[in-house]
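One structure is given below, encoded as structure tokens.
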Amino acid sequence: MSRQGHPETDEGELDLRDAHERLLIADRLAGIGTLAAGAAHEINNPLTYALLNVDHALRQIRVASAEGAVLPAGGDEDVLPALIRALELTQDGMERVRSIVRNLLTFSGGALDTRSLIDVRAIVESSIQMSMHEIVQRARVVREFGSVPPVDANEAALGQVFINLLVNAAQAIPEGSAPSRHTVRVATSTSEDGNAVVEIDDTGDGIPPELLPRIFDPFFTSKASGTGMGLGLSISHGTVTHLGGTIDVRSTVGVGTSFRVVLPPAKRWRPASADRWRAATDASERRRVLVIDDDRQVGEAIARVLCDEAEVELVTEGHVAVERLASGERWDVVLCDLMMPDCSGVDVYAGTLERATDAVGSLVFMTAGAFTPRTRAFLENVSRPCLEKPLDAERIREIVRRGGVPCDRPSMAP
């Protein structure tokens, strides 16, 4: 009999699906609440020393400029090394902020049903960084990262699995314990049959044998009231199982607990051919670059980064760029922001494909992470590189030297 003959079946399936989605959202909200304070702390520290160092450097430069003087660069009054050091520390702080923001974007990603090739070690490291404020007060982190194949998964969902396991490992160690006496060990490896393996061990209190069979049950928790909803391990088990993997646990009271996650390798991956991404021309050639970004300050900063190796033009409206490309103007690389008002990066691509087809190969997209369903679908189906903001200066230079050809990118099997 057809499904249409049993509307109650369809409604039941929809109810179950809706309940499962609500559980996922509840677990993610609980995780975000756990991580928010730690993320703010991790951002505020580097932001503090970056702002103070920039203030110091600007004061020195402004004083010299107002007096019509040149900054002393020798002898007892040599201030240049101090300014350089201040700016280096600022750069370091901003790199830390960039890493934290990327981790937050990964964890708070949109739909959990979209998949892509995932570097397991990268997502594990991001999860460690996001959980560090829970761990550092109780234990040392020991990393043992071996090689692993990429897996086909959703970044946010997989990151949520590892964050749940890491936070559980930290909370299994009694509060007030000396961190030097306890460890949270995180190891990655490849099993004999080619699967990706992640192990997370702690030296905490352990789980009583009678409770072990129930730890993956929804709403089951051995924690004190108010410290957890009992969803984390259940959601993690469901996510790993949905990916075709397994998650197992071993525990000894008074010794600690070990979780082992095994995930199948992505079937559509193979190592990239070096020839495929070889630079088309000599790296020393000076290139022409067009930057399309509605934020003029971003465009001007890119121009400064590339001033020694490229001629850079900036336009702040996508439709203007499309008209210039359609008229026959060409650039070696076109750096285009994805999210712009009126004419987005998706619109720029469509217009270029229709009116200047030969210029499509020069397009490189940039994104600050504010994806819409349209832009997500676009990036999944268009084989053009995409740079994440905050942009990395050396990454920009490298992709411009290569004429828009990406590097260090895995090949996808058809």
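Every number here is computed from the coordinates shown, using simple stated rules; none is lab data. None of the values given here were measured: they were computed from a predicted structure.
Which far-off residues, 5 or more places away or on another chain, put their amide H under 5 Å from the one on Lys389, with H placed in the peptide plane?
Excluding prolines and chain starts, which carry no amide H, the hits are Thr367, Ala368, Gly369.
Tabulate in residue order the Karplus-calculated ³J(HN,Hα) for segment 185-191, using 6.51 cos²θ - 1.76 cosθ + 1.60 with θ = phi - 60°, rounded to whole Hz; enter x for Gly and Pro.
Using θ = phi - 60°, the values come out as 9, 10, 10, 10, 6, 10, 6 Hz.
Whole-Hz ³J(HN,Hα) for each residue in segment 390-403, computed from phi via Karplus 6.51 cos²θ - 1.76 cosθ + 1.60 with θ = phi - 60°, x for glycine and proline: what do you get?
x, 6, 9, 4, 5, 5, 5, 4, 5, 6, 6, 4, 7, x
Given H placed on each backbone N at 1.01 Å, which residues far from Val184 in sequence or on other chains put an amide H within less than 5 Å of it?
Placed amide hydrogens put Arg140, Val141, Val142 under 5 Å from Val184.
Can you list the HN-Hα couplings for segment 306-311, worked out from phi with the Karplus curve (6.51, -1.76, 1.60; θ = phi - 60°), rounded to whole Hz and with x for Gly and Pro?
Listing the rounded values in order: 9, 4, 7, 9, 8, 8 Hz.
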